[in-house]
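Engineer: Before anything else, here's the structure in question.
The values are calculated or read from the model by the stated rules, or taken from the named source; none is laboratory data. Quantities reported herein were computed from a predicted structural model and do not represent experimental measurements. Please note: Cβ atoms are built from the backbone with ideal geometry, for glycine as well, and neighbour counts cover all protein chains shown.
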Amino acid sequence: MSDTEVTATDLSSRRWMSLLGICLITALVWFTASDISLALPSIGKEFSDASMDTLQWAVNGYFLAGALIIVGGRIGDVYGRRLIFGIGAVLVIIGSIVAGISQGPALLILGRVIEGVGAAAILPNALAMIVVLFRGRERETAIATWIAVCWGAQALGPLLGGVLIALGSWRWIFWINLPIAAAALVLTWWATPETKQLEGSKSIDIPGAVTMVAGIGLLLYGLTAADNVSTGVLAGIFAASLALLVIFVVIELRTKTPVVVMSIFRNPRFDGAVLANLIANFVFGAVVFFMAQYLQVVSGFSPLQAGLYLLPATIPILLLNPIGTAWARKKGPALPTIVGMVGLVVSAFLLSRLQGSEYGPLLVPFILLGVGIGLQITPCAVAAVEDPGEAGEGVASGIYKASSMIGGALGVAVSTAVFQNRARVDLTQLVAQVQPPITPTDDQLETFLGILTGGPGIEELQAIYPEVQKAVVIVFDAAIGSAMIPLVVVSVVGALLAAWLLRGGPTVAEESEITR
């Protein structure tokens, strides 16, 4: 073992306190990832100049920075896991302060990016510290507890966001992080001994990390800007993104200490697990992003009510997780993943058929979304780390967890691009039917699109179009329907690829090695 040794005496009185601190900070990471969606309509009302294109970066800035999770574990191996974990917690605190005091979208997005970098430092080192601190059955219990905290926080994040907004304002989703993170950091620092890699290379592949994040970032930016720039500019953005990602692959193939050991992708089951996880987060991220706004802007619910009404989409994840795990032990990871993907296909298809503003039609697709993800998360996670080869479990786990962040960011970006384009077309056609005919200006179109995210301006449009609220429902329903189509397509692809790549019997990896 290349880690520093931790003696039984070191662990006897403090390891469970260490786990408590680690789990508290991990919970903040996932709360922070999911509670922002409920706050977007409130933020849109306060930041009147924030379009949907802008507001989505409050979500994607976090996920994009979180993709650095691939290198977060490596940095912890070299410089000390407790140290990097602690720096990550401090970054979450700093990012929360920046976002909490923001008076415009730029500072809000900057705060979210800082939080995302903190998450990238926290998650891989949290798991690594738990593995070192515990042995045998205690290790299994500790890791299972950590996993439950990850998914529990993800599931309850929207509800917590709704509660905080109802009791105070959207800024409280950031202020609440400060005392919890500070107390948990002190507890973790006191209870957790430092460990680091003692053998092997100490170098870190900085060029690989930079080109990877830059390439993905340009891809997301291109999707976001698709309806605002010329075809030539958009082609240039996507070409630059592709070039950076190609350079990233070349760097990884040549460097001695790559961020991503490319040989790991020769394992079909690993490829299938990572792809399935990326698609699951692609779908989940997009649905929560839009439905949090739909419930408030179209259905007229408060943030707290919206958080409660999203629970059918999140609670089944926790309830179905053990069933998917047991199923995979008997039949292998392909079957629960395929069934889960079918659930996502049906969920996205039903959401694409929305009409009106009633909650009832949302219930079944919400439940299917949670069931679909709950069935596949553990089987895919086990398959991802069962046979990492020369890459090692740390690299396999890092890539798998990064696919969660990248998938969520891509889901929001792609569905938002489709939503915006459809909303513009439908609005122009709708107001053209008014007598006398109306030709909305570009500014009025932007105002209407801002209303779709909860922003102000409805009074301005009512002066030229009295039935603007009815138009909001009509256009939102149609645009949501279009935005769900990419989710249906990727879920179908995911089901087919899961059947092919994940075929075979039960995994041989220990369940205790599962990570999200």
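Engineer: Assigned to a helix (DSSP H, G or I), small (Gly, Ala, Ser), outside the structural domain of residue 153 (by TED's automatic domain parsing) and within 20 Å of the chain's Cα centre (by Cα): does that describe residue 236? Don't jump to the end; show me each part of the working.
Structural biologist: Numbers: assigned to a helix (DSSP H, G or I): yes; small (Gly, Ala, Ser): yes; outside the structural domain of residue 153 (by TED's automatic domain parsing): yes; within 20 Å of the chain's Cα centre (by Cα): no.
Judged against the criteria, residue 236 is not a match.
Engineer: Criterion first (under 27 Å from residue 54 (Cβ atoms), of a type in the set (A, V, I, L, M), part of a loop (DSSP other than H, G, I, E, B) and not assigned by TED's automatic domain parsing to the domain that holds residue 67) does residue 229 satisfy it?
Structural biologist: The answer is yes for residue 229.
Engineer: Still on this structure, please answer the following. Whether any residue in the range 193-200 is under 20 Å from the mean Cα position of the chain (by Cα) and not polar (S, T, N, Q) is what I want to check.
Structural biologist: Scanning the range 193-200, I find no residue that is under 20 Å from the mean Cα position of the chain (by Cα) and not polar (S, T, N, Q), so the answer is no.
Engineer: Condition test on residue 87, is it farther than 24 Å from residue 212 by Cβ and surrounded by fewer than 24 Cβ atoms within 10 Å (Cβ to Cβ)?
Structural biologist: Taking the combined requirement at face value, the residue does not satisfy it.
Engineer: Which condition number does residue 114 fail, the rest of (1) hydrophobic (A, V, I, L, M, F, W, C); (2) surrounded by fewer than 24 Cβ atoms within 10 Å (Cβ to Cβ); (3) touching a Lys or Arg at 6+ places or on another chain (Cβ under 8 Å) being met?
Structural biologist: So the condition that residue 114 fails would be (3).
Engineer: Ok, one more. Evaluate the following for residue 211: is it polar (S, T, N, Q), farther than 30 Å from residue 390 by Cα and assigned to a helix (DSSP H, G or I)?
Structural biologist: Against the criterion (polar (S, T, N, Q), farther than 30 Å from residue 390 by Cα and assigned to a helix (DSSP H, G or I)), residue 211 does not qualify.
Engineer: Do we find a residue being crowded, with 22+ Cβ neighbours inside 10 Å and touching a Pro at 6+ places or on another chain (Cβ under 6 Å) anywhere in the range 73-83?
Structural biologist: Looking through the range 73-83, at least one residue is crowded, with 22+ Cβ neighbours inside 10 Å and touching a Pro at 6+ places or on another chain (Cβ under 6 Å).
Engineer: Only one of 287, 250 is surrounded by fewer than 22 Cβ atoms within 10 Å (Cβ to Cβ) and of a type outside the set (Ser, Thr, Tyr). Can you tell me which?
Structural biologist: Unique residue meeting the criteria: 250.
Engineer: I'd like the residue in the range 159-188 that is of a type in the set (Val, Ile, Thr) and assigned to a helix (DSSP H, G or I) and, out of all such residues, is surrounded by the fewest Cβ atoms within 10 Å (Cβ to Cβ). Step through it out loud before you land on a result.
Structural biologist: Keep residues of the range 159-188 that are of a type in the set (Val, Ile, Thr), which gives 163, 165, 173, 176, 180, 186, 188.
Going one step further and asking which of them are assigned to a helix (DSSP H, G or I), we end up with 163, 165, 173, 180, 186, 188.
On the way: 163: 20, 165: 25, 173: 28, 180: 16, 186: 13, 188: 24.
Filtering the range 159-188 for residues that are of a type in the set (Val, Ile, Thr) and assigned to a helix (DSSP H, G or I), the one surrounded by the fewest Cβ atoms within 10 Å (Cβ to Cβ) comes out as 186.
Engineer: In this structure, does residue 108 turn out to be surrounded by fewer than 24 Cβ atoms within 10 Å (Cβ to Cβ) and either of a type outside the set (Val, Ile, Thr) or not assigned by TED's automatic domain parsing to the domain that holds residue 295 (or both)?
Structural biologist: When the stated conditions are applied, residue 108 does not pass them.
Engineer: Answer yes if at least one residue in the range 357-375 is touching a residue at least 24 places away in the same chain (Cβ under 8 Å), within 30 Å of residue 268 (Cα to Cα) and hydroxyl-bearing (Ser, Thr, Tyr), and no otherwise.
Structural biologist: no
Engineer: From the set of residues in the range 121-145 that are crowded, with 21+ Cβ neighbours inside 10 Å and not aliphatic (A, V, I, L, M), which is modelled with the highest pLDDT?
Structural biologist: Among those that are crowded, with 21+ Cβ neighbours inside 10 Å and not aliphatic (A, V, I, L, M), it is 125.
Engineer: Could you tell me which numbered condition residue 194 fails, if it satisfies all but one of (1) without any contact (Cβ under 8 Å) to a residue 60 or more places away in the chain; (2) over 22 Å from residue 63 (Cβ atoms)?
Structural biologist: (1)
Engineer: Select from the range 268-288 the residues that are under 11 Å from residue 494 (Cα atoms) and of a type in the set (Gly, Ala, Ser) and list them in ascending order.
Structural biologist: Once the filter is applied, which keeps residues that are under 11 Å from residue 494 (Cα atoms) and of a type in the set (Gly, Ala, Ser), the range 268-288 yields 272, 273, 276, 280.
Engineer: Which of the following residues is at pLDDT 80 or above, in the same structural domain as residue 147 (by TED's automatic domain parsing) and in a helix (DSSP H, G or I): 70, 43?
Structural biologist: Criteria check complete, one pass: 43.
Engineer: Let me ask something else about it. Which residue is nearest to residue 173 (Cα to Cα), if the candidates are limited to the range 86-100 and must be in contact (Cβ under 8 Å) with a residue 60 or more places away in the chain and more than 20 Å from the chain's Cα centre (by Cα)?
Structural biologist: 100
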